[in-house]
Amino acid sequence: MDAPVAQDDVVARVARRVAEVLALSPAEVKPGSRLMTDLGADSLDLVELMFLLEQEFGIRLTREDLSLSAQLGLPEEELRTGEVLTPKALELLRARFPAAGDVLHEGATRRELAALLTVEEIARSVRGRLASP
Amino acid sequence: MSATPLSPDEVQVWRVDVPSDPAALARLAGALPAHERAWAERLRPGGPRGGFVTARSALRRLLAARLGCAPRDVPLETGPRGKPELERAAGARLRFSVSHSGGVALLAIAAQPVGVDVEAARRVHDPLALAARFFSPAERAAVQRAPAAERERRFLELWTAKEAALKVSGVGLPGLADVEVTAGPDGAACAVGPRGHRWALRALDAAPGCVAAIAAVRLPARLDVLHANGTASWSLGDG
């Protein structure tokens with residue numbers, strides 16, 4: 001059996017792949033870097049990144065792995081009204097991202113959550129898939 | 001406020017370049033409403049900030065010219081799908097789509113739902129493998145058929161076409177596997193979505209090195225990309 005992948009190692013390997021996809025120097029990519037707003041990733045970059053991480057870690061990622069709203073595990077009607085997040089969803093997200101008041105404002109939409117996708121969050125999804133493929 | 005309607009089949013596409021002069025970009029940002037300026041501040045300067053500011057200010061000026069109001073007063077709100085929309089009363093028949101990449105922003109307006117997507121010249125690390133993972137078998141075959149030197153471009157043509165179709169269908173990126181780019185009975189490119197929904201597609205010659213596409217229910221036979229610099233006033237004419 002392979003040795004378990006160290007937690008910090010996952011973050012470092014994800015960061016390296018992020019730098020590769022976005023043609024940035026590794027020093028520019030920090031664990032807390034937000035992919036879309038800090039690093040300028042677009043949807044094609046995310047898809048390339050997903051693919052490279054699948055290769056690197058031998059896992060299969062799903063759209064839920066890159067979707068913070070899906071990770072809350074709320075039924076759709078408790079998650080959002082139209083695309084606007086419910087107060088309950090916002091409360092859960094604020095507990096998880098205490099420093100993200102800029103994104104988690106009243107009336108925030110599910111789509112805006114993409115702004116919270118950080119290197120660390122992606123590493124968390126990768127670790128989840130490594131633990132239960 | 002009275003809207004100048006577009007004719008039912010009219011589709012306009014505008015290209016706006018992100019100003020290279022930071023002072024010019026700051027002027028564009030300064031004319032945005034406070035909440036949009038606040039959002040721009042969160043985006044990386046030299047990265048997505050320039051594209052957002054350029055595209056949003058151009059969108060406001062373009063819609064303002066149609067609506068007969070000041071750009072700052074264009075009633076943009078976040079729609080049920082999380083994208084900016086005009087408040088219903090302001091221009092129910094005025095639909096638009098915006099995309100920016102690198103230093104180029106593209107805006108499409110029409111009287112029908114419309115989707116536009118642009119990708120600046122970029123490297124795609126392994127277009128064949130990416131197509132195998134995320135595209136339909138027929139789309140993958142189209143990338144494979146291209147000579148090796150053209151696969152990257154073929155991939156980007158299909159990618160922008162799918163993105164444009166996903167925008168007009170309203171499902172966005174999560175629906176990537178649900179929309180297939182194909183050819184209709186007349187041989188013209190089209191996208192087929194869930195439940196047999198079909199949209200016309202066209203590649204756009206938007207800017208050197210860029211790959212771009214537009215999708216709508218119907219597209220006019222001729223579709224030119226109009227070019228405005230970041231500070232030009234819009235000359236809309238009659239179409």
Out of B:156, B:128, report the one residue that is part of a helix (DSSP H, G or I) and under 13 Å from residue A:44 (Cα atoms). B:156
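Is segment A:52-60 home to any residue that is facing chain B (nearest Cβ under 9 Å), under 25 Å from residue B:41 (Cα atoms), part of a helix (DSSP H, G or I) and touching a residue at least 24 places away in the same chain (Cβ under 8 Å)? Break it down stepwise before answering.
Of the residues in segment A:52-60, the ones facing chain B (nearest Cβ under 9 Å) are A:52, A:54-55.
Remaining after also requiring under 25 Å from residue B:41 (Cα atoms): none.
Checked segment A:52-60: no residue is facing chain B (nearest Cβ under 9 Å), under 25 Å from residue B:41 (Cα atoms), part of a helix (DSSP H, G or I) and touching a residue at least 24 places away in the same chain (Cβ under 8 Å).
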Among the residues that make up segment A:21-38, is at least one of them part of a loop (DSSP other than H, G, I, E, B), in contact with a strand residue (DSSP E or B) (Cβ under 9 Å, 6 or more places away or on another chain) and farther than 24 Å from residue B:43 by Cα? no
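Residues checked against (1) of a type in the set (A, V, I, L, M); (2) in contact with a helix residue (DSSP H, G or I) (Cβ under 6 Å, 6 or more places away or on another chain); (3) part of a helix (DSSP H, G or I):
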| site | (1), (2), (3) |
| --- | --- |
| A:89 | yes, yes, yes |
| A:101 | no, no, no |
| A:106 | no, no, no |
| A:115 | yes, no, yes |
Cβ contacts < 7 Å: first residue hydroxyl-bearing (Ser, Thr, Tyr), restricted to segment B:213-235; second residue modelled with pLDDT of 90 or more, any location; separation 6+ or different chain. Result? B:231/B:24
Selection count where residues are over 19 Å from residue A:61 (Cα atoms) and of a type in the set (Val, Ile, Thr), scope segment A:97-133: 2
Please find, among B:77, B:87, the residue that is touching an Asp or Glu at 6+ places or on another chain (Cβ under 6 Å), more than 14 Å from every other protein chain (Cβ to nearest Cβ), among the charged types (D, E, K, R) and surrounded by fewer than 15 Cβ atoms within 10 Å (Cβ to Cβ). B:87
Exactly one condition in (1) more than 10 Å from chain B (Cβ to nearest Cβ); (2) part of a loop (DSSP other than H, G, I, E, B); (3) without any contact (Cβ under 8 Å) to a residue 12 or more places away in the chain is false for residue A:78; which is it? (2)
Identify, please: which residue in segment B:115-132 is surrounded by 21 or more Cβ atoms within 10 Å (Cβ to Cβ) and not aliphatic (A, V, I, L, M) and is, among those, farthest from the other protein chains (Cβ to nearest Cβ)? B:115
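The values are calculated or read from the model by the stated rules, or taken from the named source; none is laboratory data. Keep in mind it's a predicted model, so treat the numbers as computed, not measured. Glycine gets a Cβ as well: all are built from the backbone with ideal geometry, and neighbour counts include every protein chain shown.
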